[in-house]
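The values are calculated or read from the model by the stated rules, or taken from the named source; none is laboratory data. Computed from a predicted model, the values in this text were never measured in an experiment. Cβ atoms come from the backbone with ideal geometry, glycine included; neighbour counts cover every protein chain shown. The protein model used for the area step is the full one, side chains on, heavy atoms only, and it has no ligands, DNA or RNA in it. Shrake-Rupley method; radii C 1.70, N 1.55, O 1.52, S 1.80 Å.
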Amino acid sequence: MNAEKKKRNVGSKIAIVVIIAYLLLPLIMTLIYSLFQEWIDVMPTGFTLGAYVELFTDPLFWQAVGRTVIISIVPIVLCTVFVLLAMYVVVVYHPEWDKMIQILCTIPYAIQGVILPICVLSLYSSAPEPFGDRMFMLVATYMVVILPYVYQGIRNNLNGVGAPRLIEAAQMLGASKFYAFFRVVIPNIMGGVTISVMLAMAIVFGDFVIINTLAGGHFMTAQMYLYDVMKKSGQRTCAVIVILFLVTLIISACAFFLQSRGKDRKDR
C-alpha cells in the first residue's frame, strides 16, 4: 500500500510540474524574445537589456502602470464592500431574496465587451457631474463587469461555511447580527474573498476595450501603452508584457501575504 501511495504521489507531482511548465512556457518564450535583438534561427542572437532600460527610464510607462493599478483597486474595493453589505441583508434578514440577487448579479455576463461602455456613454455622456465624468463612468462600469465574479465567490464561501448557523451561534453568545456577520463570518471566508478579488483584478488589469472606449487617449493605462508599443517594437512589447505580469504577481503576493498574516494573528 505504501509503494502504491508513493507512486501516486510521484505521478501527481509529475502531472503538476508538466501543467506548470505548459502554463509558463508562453511567458518564458516572451521573456527570451524580449532579451534578444533577433530570433530568426533556432536560437536567438544579440542579447540585450535595451528594451527594459527604455521602459524603466520612460515616465509615461510607470504613470500608465500606476493608473492601471489605481483604476483596478478602486472598483474592486467598492464592489466587494457593496456585495458584502448586500449579502449581509440577504443572509440575515431576507434569505428569500437570494435567487433574485443571483439573477441580477449574473446579468453582466451577457453585456460585457464593447456593448457595455457604448451604452454607458450614450446614457451618461451628457449627464450632470459626477455621473458625466469619465473617471466616474469608468469605475462604475468596471464594478458592473466584475460584479458576477465577486458575488459568486462570496456567495459560495458563505454557503460553504454555513453563515446562518455561525450567526446564530454568535448571537447565543451575546453578539449582534451585524457584529456576528462582519467579525465572525467574514474572517472565515477571507480566503475565498481574496481569490475573487484576484480574479477581478486580472479581469480589470487586462481590459482594453472599456478603458479605450470610455477614457480614450485622455487616460493612458498600461493596456493602451502596450497597444501603442505593439506598433513600434516587438521586443519592447514582450518586455511590457513581462513587467505587467510581474506587477500583477506582486499585487497577488501582497494580497495573499496580508491574508496569511491576518490568519496568523487570529490563530494567536
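Of note:
- If you go through the stretch 217-231 and keep only what is of a type in the set (Gly, Ala, Ser) and touching a residue at least 40 places away in the same chain (Cβ under 8 Å), you end up with just ALA222.
- ILE111 being aliphatic (A, V, I, L, M), open to solvent by 70 Å² or more (accessible area, probe 1.4 Å) and on the phi < 0 side of the Ramachandran plot: no
- Evaluation of ASN156 against (1) within 24 Å of THR221 (Cα to Cα); (2) in a helix (DSSP H, G or I); (3) open to solvent by 40 Å² or more (accessible area, probe 1.4 Å) (one fails), failing number: (1)
- Test: residue in the stretch 222-242 that is farther than 28 Å from GLU38 by Cα and outside any helix (DSSP H, G or I): no
- Hey, VAL185 part of a helix (DSSP H, G or I) and either open to solvent by 60 Å² or more (accessible area, probe 1.4 Å) or over 28 Å from VAL144 (Cβ atoms) (or both) or not: no
- Restricting the stretch 126-153 to residues that are part of a helix (DSSP H, G or I) and free of Cβ contacts under 8 Å to residues at least 40 places away in the same chain, the residue that is most open to solvent (accessible area, probe 1.4 Å): PHE136
- Flag for LEU138 being under 23 Å from ALA202 (Cα atoms) and not polar (S, T, N, Q): yes
- Failed item in (1) assigned to a loop (DSSP other than H, G, I, E, B); (2) among the aliphatic types (A, V, I, L, M); (3) open to solvent by 50 Å² or more (accessible area, probe 1.4 Å), with LEU123 passing the rest: (1)
- Close pairs from the stretch 80-93: first crowded, with 16+ Cβ neighbours inside 10 Å, partner not aliphatic (A, V, I, L, M), Cβ under 6 Å, at least 6 apart: VAL83/TYR151; TYR88/PHE181; VAL90/TRP97; VAL90/ASP98; VAL92/LYS177
- Criterion (within 26 Å of ARG134 (Cβ to Cβ), open to solvent by 20 Å² or more (accessible area, probe 1.4 Å), among the small types (Gly, Ala, Ser) and in contact (Cβ under 8 Å) with a residue 12 or more places away in the chain) met by exactly one of GLY206, GLY234, GLY191: GLY206
- Considering residues of the stretch 209-230 that are more than 17 Å from TRP62 (Cβ to Cβ), modelled with pLDDT of 80 or more and out of contact with any Phe, Trp or Tyr (no Cβ under 9 Å at 6 or more places or on another chain) only, the residue surrounded by the fewest Cβ atoms within 10 Å (Cβ to Cβ): MET230
- Checked against (1) crowded, with 20+ Cβ neighbours inside 10 Å; (2) at pLDDT below 85; (3) farther than 24 Å from TYR124 by Cα, ILE251 meets all criteria but (1).
- Across the stretch 159-178, the qualifying residues are those that are among the hydrophobic types (A, V, I, L, M, F, W, C) and part of a helix (DSSP H, G or I), and the one among them that is farthest from THR68 (Cα to Cα) is MET172.
- Selection status of LYS99, in contact with a Phe, Trp or Tyr (Cβ under 9 Å, 6 or more places away or on another chain) and either surrounded by fewer than 18 Cβ atoms within 10 Å (Cβ to Cβ) or of a type in the set (Phe, Trp, Tyr) (or both): no
- Search result, residues across the stretch 25-50 that are farther than 14 Å from PHE245 by Cα and either of a type in the set (Phe, Trp, Tyr) or loosely packed, with under 12 Cβ neighbours inside 10 Å (or both): TYR33, PHE36, GLU38, TRP39, ILE40, ASP41, VAL42, MET43, THR45, GLY46, PHE47, LEU49
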